[in-house]
């Protein structure tokens, strides 16, 4: 993300020869048996395998495993949008149609739903606290973070593994998105296809992947000497209640989500140093991002950097917010803002500082991130550099 090296390429997971879009953010070089026993991995969907990998890395990094921990008080809040319908659902349906129910493994029905990821994380890590899931499109990661925070605040957990995963690169979901004409057709230059806020943007590029964080109370983290990346100050959510695909361009609902997050965080617009934007390269959604940020932050929106990582990661729907969270934590840890890759030509409706092309050195103490989903859901999250 920092170096702007795109993971977008021509797809070879399935036949795309007859589709208008032939590129995606495909996870390459991933071996699930690095994280999961081969016998278990064989029957899981890719979204579950990615989820376990991300959750295990976050859990190991947290140091919780190394201390005395009551696993009855550590839970999971993990979601997905496409869930198993991106690969295992396609596979099961094909086998069922061709050969009948006897050809399908008996566990298949358990592996397709979105909550399979959360359940498998709990099983793999032995976490016996609350297990929750969400499937709210691109805002899923903010929702699961909120679920995790609420579990901590109510005392039902002392720590939560939160995040989301996606494996939508399969014939059904990918083909349906082609049908909607929301994806870029810049197939001849995959790494330059996603162009957030650029005048010549022509749509999103679908990606796979997962992101995870460990949430716990500041008191608990400090007492056990944990490395604390950031503090979650607040979150906000709003819905357009308008249309499943189209959105009003005014950005009112994003503004409400950002304002709600600032109210919970007890901060004003001038305290935000950076915004990690949804920024998927969609003609209207990028305008909505810009309008909502300007409405919520006022003139301060013109004084701070706003960038999108989607030209590097593609858009892994539910997992995108978790990836933004991870990138945000590392932005604060390294004083480096990731760039908006492929932003080259200004759009008069997108007139903020989008950190075009290359990363920028800057101290970021407080940042916001936002997400926008099909169906009109908006969510925002505010992170702050932690200080005891």
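Coordinate-derived values only; no laboratory data. In this text the structure is predicted, and so the values were computed from the model without any measurement. Counting neighbours? That spans all protein chains shown, and the Cβs are built from the backbone with ideal geometry, glycine included.
What is the stretch 231-384 by shape, rounded, prolate or oblate, if you read a ≥ b ≥ c off the alpha carbon gyration tensor as root eigenvalues and call it rounded for a/c under 1.5, prolate for a/b larger than b/c, and oblate otherwise? The partial results should precede the final answer.
Details: a/c = 1.38, a/b = 1.13, b/c = 1.23.
Rounded shape, in that the Cα axes give a/c under 1.5.
Which of the peptides 164-170, 356-362, 372-378, 94-100 is most tightly packed, and how do the rest follow, judged by the mean count of other Cβ atoms within 10 Å per residue?
Details: 164-170: 30.6, 356-362: 14.3, 372-378: 22.9, 94-100: 11.3.
Top of the packing list down: 164-170, 372-378, 356-362, 94-100.
Using a Gaussian network model of the chain whose springs link C-alpha atoms within less than 10 Å, name the residue from 244, 262, 132 with the highest mean-square fluctuation.
Among 244, 262, 132, the largest GNM mean-square fluctuation belongs to 244.
Using a/c under 1.5 as the rounded threshold, could you call the stretch 1-115 rounded, prolate or oblate? The axes a ≥ b ≥ c are square roots of the C-alpha gyration tensor eigenvalues, and prolate needs a/b larger than b/c, oblate otherwise.
Values: a/c = 2.48, a/b = 1.26, b/c = 1.96.
Oblate, since a/c reaches 1.5 and b/c is not below a/b.
What whole-number distance in Å separates the alpha-carbon centres of the stretch 59-133 and the stretch 238-267?
31
Normalized C-alpha radius of gyration of the stretch 132-200, against 2.2 N^0.38 Å?
On the way: Rg = 17.6 Å, N = 69, 2.2 N^0.38 = 11.0 Å.
Here the answer is 1.60, to two decimals.
Neighbour counts of other C-beta atoms within 10 Å: give me 283, 294 arranged from fewest to most.
The fewest-first ordering by Cβ neighbours comes to 283, 294.
If you compute percent of Cα pairs over 37 Å apart for the structure shown, which of [x] 23; [y] 32; [z] 17 do you land on?
It is the value labelled [z].
When the convex hull of the Cα atoms of the stretch 145-243 is projected onto a plane and the area is averaged over all directions, what value comes out in nm²? Intermediate values should be presented prior to the final figure.
Details: hull surface 40.4 nm².
Convex hull of Cα atoms, orientation-averaged projection: 10.1 nm².
Order by neighbour count: 278, 343, 43, 243, fewest other Cβ atoms within 10 Å first, most last. Intermediate results must be reported in sequence, preceding the final value.
Details: 278 29, 343 25, 43 14, 243 11.
Fewest-to-most ranking of 278, 343, 43, 243: 243, 43, 343, 278.
Using 10 Å bins from zero, what percent of all Cα-Cα pairs in the stretch 207-268 falls into each bin?
The distribution over the stretch 207-268 is 17, 29, 34, 15, 5, given as percents.
What share of the DSSP beta bridges in the chain is antiparallel, in percent to the nearest 5? Walk me through the numbers on the way to the answer.
On the way: 29 of 47 bridges.
So the antiparallel bridges amount to about 60 percent of the total.
Where the centre of each part is set by its Cα atoms, how far does the stretch 11-54 sit from the stretch 208-228, in angstrom?
27
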